[in-house]
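Visitor: Got a structure for you, questions after.
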Amino acid sequence: MCNFNKQNEDTKMLIHLFMTKSAGTIGGVNYLLALIEAIKEKRPSPLMQKGCQIASNNTIIKWNKVVFKDKLTILETVLNAHKSSETPNFNILREKNEKKRKAIINMVKTLAPIEFVVTPQNHKDGLGFSFKVFDIMEEENVTINPIFLAMFFCSAEFTKKALKYDSV
């Protein structure tokens, strides 16, 4: 999940392209990395910030809904299960335990409308970008957006590798 080298080629390219273009819309790679570092500094979790925003010196990320501890715990449990499996495009609904599956579905319904908007603090640096929590949302298939993972759960090293990635 947060090991860039274990991602499939399509995911690597998607993350690389998105991060490269995104960095350009907020003033550059250093601004993006500074924002990710600011996100990592927030405790207990950046997603639980009451103001629904985090700012670095040059950029700010805002979202439209606070994530409560119970939903975050379910998300972290799903992510920990994915960490050990190391399979790309992990379908989070592939849970055999019906009680856990229902909790995951409720978490998906809660987090699906959340949209993250990243903007530079100086409008001359660019227009910014946005992303959602989930990449694919179908009836029996829900995958977590790799950009969301990179911004909130993976290290800055993951993003650095993504930015330097060359498919050749």
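Visitor: Within the stretch 29-44, track down each residue that is part of a loop (DSSP other than H, G, I, E, B) and either charged (D, E, K, R) or farther than 27 Å from Phe90 by Cβ (or both).
Guide: Hits for the stretch 29-44 are Lys42, Arg43.
Visitor: Given (1) under 15 Å from the mean Cα position of the chain (by Cα); (2) not in a strand (DSSP E or B), identify the lone condition not met by Ala81.
Guide: (1)
Visitor: Taking the criterion of being in a helix (DSSP H, G or I), touching a Leu at 6+ places or on another chain (Cβ under 7 Å) and farther than 24 Å from Tyr165 by Cα, would at least one residue in the stretch 11-28 satisfy it?
Guide: Looking through the stretch 11-28, none of the residues is in a helix (DSSP H, G or I), touching a Leu at 6+ places or on another chain (Cβ under 7 Å) and farther than 24 Å from Tyr165 by Cα.
Visitor: If I filter the stretch 144-162 for residues that are among the aliphatic types (A, V, I, L, M), free of Cβ contacts under 8 Å to residues at least 60 places away in the same chain and farther than 17 Å from Ala34 by Cα, do I get at least one hit?
Guide: no
Visitor: Failed condition for Leu111, given (1) surrounded by fewer than 14 Cβ atoms within 10 Å (Cβ to Cβ); (2) modelled with pLDDT of 90 or more, with all others met?
Guide: Here Leu111 clears every test but (1).
Visitor: Can you name the residue in the stretch 45-63 that is in a loop (DSSP other than H, G, I, E, B) and closer than 14 Å to Thr119 by Cβ and, of all such residues, is nearest to the chain's Cα centre (by Cα)?
Guide: By that ranking, first place goes to Cys52.
Visitor: How do the pairs read when you match residues in the stretch 1-28 that are at pLDDT below 90 and among the charged types (D, E, K, R) with residues anywhere that are part of a loop (DSSP other than H, G, I, E, B) and exposed (fewer than 15 other Cβ atoms within 10 Å of the Cβ), using Cβ under 8 Å and keeping only pairs 6 or more apart or on different chains?
Guide: Close Cβ pairs (under 8 Å, with a partner that is part of a loop (DSSP other than H, G, I, E, B) and exposed (fewer than 15 other Cβ atoms within 10 Å of the Cβ)) amount to Lys6/Glu86; Glu9/Ser167; Lys12/Ser167.
Visitor: Condition (residue is within 23 Å of Thr20 (Cα to Cα), surrounded by 17 or more Cβ atoms within 10 Å (Cβ to Cβ) and at pLDDT 95 or above) applied to the stretch 63-71: is it met by at least one residue?
Guide: Taking the stretch 63-71 first, the residues within 23 Å of Thr20 (Cα to Cα) are 63.
If we keep only those that are surrounded by 17 or more Cβ atoms within 10 Å (Cβ to Cβ) as well, we get 63.
Now restrict to residues that are at pLDDT 95 or above: 63.
Yes; the residues of the stretch 63-71 include at least one that is within 23 Å of Thr20 (Cα to Cα), surrounded by 17 or more Cβ atoms within 10 Å (Cβ to Cβ) and at pLDDT 95 or above.
Visitor: Another question, if that's okay. Gly128 is checked against (1) touching a residue at least 40 places away in the same chain (Cβ under 8 Å); (2) farther than 23 Å from Tyr31 by Cβ and fails just one. What number does that condition carry?
Guide: Here Gly128 clears every test but (2).
Visitor: Just to be sure I understand, how many residues within the stretch 97-152 are assigned to a strand (DSSP E or B) and more than 14 Å from the chain's Cα centre (by Cα)?
Guide: The total comes to 4.
The values are calculated or read from the model by the stated rules, or taken from the named source; none is laboratory data. Note that this is a predicted model, so its numbers are computed, not measured. As a convention, Cβ positions derive from the backbone with ideal geometry for all residues, glycine included, and neighbour counts pool all protein chains shown.
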